[in-house]
1. Among the helices (runs of 4 or more DSSP H) contained in the chain, which hold 3 or more residues that are touching a helix residue (DSSP H, G or I) at 6+ places or on another chain (Cβ under 7 Å), on the phi > 0 side of the Ramachandran plot and surrounded by 13 or more Cβ atoms within 10 Å (Cβ to Cβ)?
2. For a quick check of your reading of the model, give me the residue pairs whose first member lies in region 1-20 and is at pLDDT 75 or above, whose second is open to solvent by 100 Å² or more (accessible area, probe 1.4 Å) and polar (S, T, N, Q), with beta-carbon atoms closer than 7 Å and at least 6 apart or on different chains.
3. Please go through region 19-37 and give me each residue that is of a type in the set (Val, Ile, Thr) and within 12 Å of residue 51 (Cβ to Cβ), ordered by number.
Amino acid sequence: MAKLKLGPLADDKPVKVTVELPASLHRDLAAYAKILGGEAGQPPADPVRLIVPMLERFIATDRGFAKARRSSPPATDG
């Protein structure tokens, strides 16, 4: 079986977010959740729960973003 980039999902307090996804992307998320659940010996997770870890993984591995972030001044409130 292929090794997925995401590991088991953390059981964290959810924050409500509303987003519209193309139907094809939702189908892909559902398929990914099914495979991920199978690897963990669990039922498929709610596909929506994949969005945050996927975005976190994407941002964490985006070298261009990391470089730009290091070279930009820190954000200030207000």
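The values are calculated or read from the model by the stated rules, or taken from the named source; none is laboratory data. Predicted, not measured: the structure shown is a model, and the values here were computed from it. Methodologically, a virtual Cβ is constructed for each residue, glycine included, from the backbone with ideal geometry; neighbour enumeration extends over all protein chains shown. Calculation scope for accessible area: heavy atoms of the full protein, side chains included, ligands and nucleic acids excluded. Shrake-Rupley method; radii C 1.70, N 1.55, O 1.52, S 1.80 Å.
1. Numbers: elements: 23-40, 51-60, 63-71.
No helices (runs of 4 or more DSSP H) qualify here.
2. That search, which allows pairs on different chains as well, returns nothing.
3. 19
This table checks each residue for (1) basic (Lys, Arg); (2) without any contact (Cβ under 8 Å) to a residue 12 or more places away in the chain.
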site	(1), (2)
26	no, no
31	no, yes
34	yes, yes
48	no, no
55	no, yes
72	no, yes
